[in-house]
Amino acid sequence: MMGGAMTTQTLDTIAEAVDQAVARLDFDRLHREYWEQNEFLVIPQFLDRAMVEEWLVPQAQGVKGDLNRNYIPGHKKGGSVSYYTVMEKAPRFLDLYRSQVFIEFLSRLSHAKLRLCPDNDPHSCALYYYTEPGDHIGFHYDTSYYKGSRYTILMGLVDQSTHCKLVCELFKDDPVRPSKRLELITQPGDMVIFNGDKLWHAVTPLGPNEERIALTMEYVTNPDMGTFKRLYSNLKDSFAYFGLRAVFKRALSLPRR
Ligand SMILES: [Fe+2]
C-alpha cells in the first residue's frame, strides 16, 4: 500500500496517503467517540509513522531557520512557523491540510461544513516547536474569533520527549459530567481533532535535550471575522506566535475573503 508510494517523489504522495488513511478509518466508532468526548478525538497513527518521518519531518526540520520564538511569562514559551512559511517552504503539509477527502471526513465527523481558514490566518496550517528546556503552553481554549466555529487538528511530527505532553481536560464546562484529564504523547502520525471552543488543553514543559514538533491545522465553518476581532487576533498572533512583521505584513497585503 504505502510502501510503493513512499519511494515516488511526487507531491501527490501525501494526498494519496491521506486518501488511504481516511478510507481505512472505522468511521462509526470514531464518530461515536468524538461526540461522547464532547467533540474531541484521538486517532493513533492516522498517517504511518515511517511515512511522516520520511516525507514530513524533513520539511518541518528544514524551516527551523524561520522559527519565531516567543515567550509570555507564566503562559507560553516555544517556537512557531506560520502558514505563510509553510506555503512557501514546506508545501507537503498543504497536501494534508487542503485534502478534500480529509475535509469531508472532518465535516462528517463534526456535523459541520468545514472550510479552510482564510489565507491571511497564520494558524491555518502551522508548525509548533518545543526545542528549549521549559518550552510549553499553559491551559487555554483555541477560541474562535471567526463568526462560526473553529476546529483544531494536531498531528505529531517529532516526539523525543518524556516530559512534553498534550494535556486535555474533557467536559471542563459541562455542568453534568465530571471533567476527565488526559495526558497524551503525540507520536509521529498521531492525530488529535477537537472543537476549539470546547477543549481546555495545555502542553507540559519540555525537558533538557528533548524535542517536540507538532503540525496544527485549523478549519472554520464561517471564515468571516469582525474588524475588532481580526485586530485582536492579529495582535495575539504577533506576540504569542509568529511575530509582528509576519502577521501584519500578510494581513495588510492580502484582501480579506
Ligand atoms: Fe491550543
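The values are calculated or read from the model by the stated rules, or taken from the named source; none is laboratory data. Computed from a prediction, not measured in an experiment: that's the story for all the values here. For neighbour counting, all protein chains shown are included, and Cβ atoms are generated from backbone atoms with ideal geometry for every residue, glycine included. Side chains are part of the model used for accessible areas, which takes the heavy atoms of the whole protein and leaves out ligands, DNA and RNA. Shrake-Rupley method; radii C 1.70, N 1.55, O 1.52, S 1.80 Å.
Below are the figures for this structure:
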{"read-out": "Flag for D142 being assigned to a loop (DSSP other than H, G, I, E, B) and crowded, with 22+ Cβ neighbours inside 10 Å", "value": "no"}
{"read-out": "Qualifying residue in segment 113-120 (condition: within 16 Å of the ligand (Cβ to nearest atom) and within 14 Å of the chain's Cα centre (by Cα))", "value": "yes"}
{"read-out": "Members of segment 210-227 found to be charged (D, E, K, R) and either within 16 Å of the ligand (Cβ to nearest atom) or without any contact (Cβ under 8 Å) to a residue 12 or more places away in the chain (or both), listed by number", "value": "R212, E218"}
{"read-out": "Answer from G243, G189, G207 - the residue that is within 18 Å of the chain's Cα centre (by Cα) and more than 16 Å from the ligand (Cβ to nearest atom)", "value": "G189"}
{"read-out": "Residue check for D159: away from the ligand (no atom under 14 Å from the Cβ) and open to solvent by 10 Å² or more (accessible area, probe 1.4 Å)", "value": "yes"}
{"read-out": "Of all residues making up segment 111-139, the number that are in contact with a Gly (Cβ under 8 Å, 6 or more places away or on another chain), closer than 20 Å to Y83 by Cα and in a strand (DSSP E or B)", "value": "4"}
{"read-out": "Whichever residue in segment 212-240 is under 17 Å from the mean Cα position of the chain (by Cα) and farther than 28 Å from S107 by Cα and, among such residues, is surrounded by the fewest Cβ atoms within 10 Å (Cβ to Cβ)", "value": "A240"}
{"read-out": "Selection within segment 173-199 - of a type in the set (A, V, I, L, M, F, W, C) and not in a loop (DSSP other than H, G, I, E, B)", "value": "L182, L184, M191, V192, I193, F194"}
{"read-out": "Pairs, first among the basic types (K, R) in segment 49-76, second assigned to a helix (DSSP H, G or I), C-beta under 7 Å, six or more apart", "value": "K76/A240"}
{"read-out": "Selection count where residues are within 16 Å of the ligand (Cβ to nearest atom) and in contact with an Asp or Glu (Cβ under 9 Å, 6 or more places away or on another chain), scope segment 136-156", "value": "14"}
{"read-out": "Segment 74-102: number of residues that are of a type in the set (A, V, I, L, M) and open to solvent by 10 Å² or more (accessible area, probe 1.4 Å)", "value": "3"}
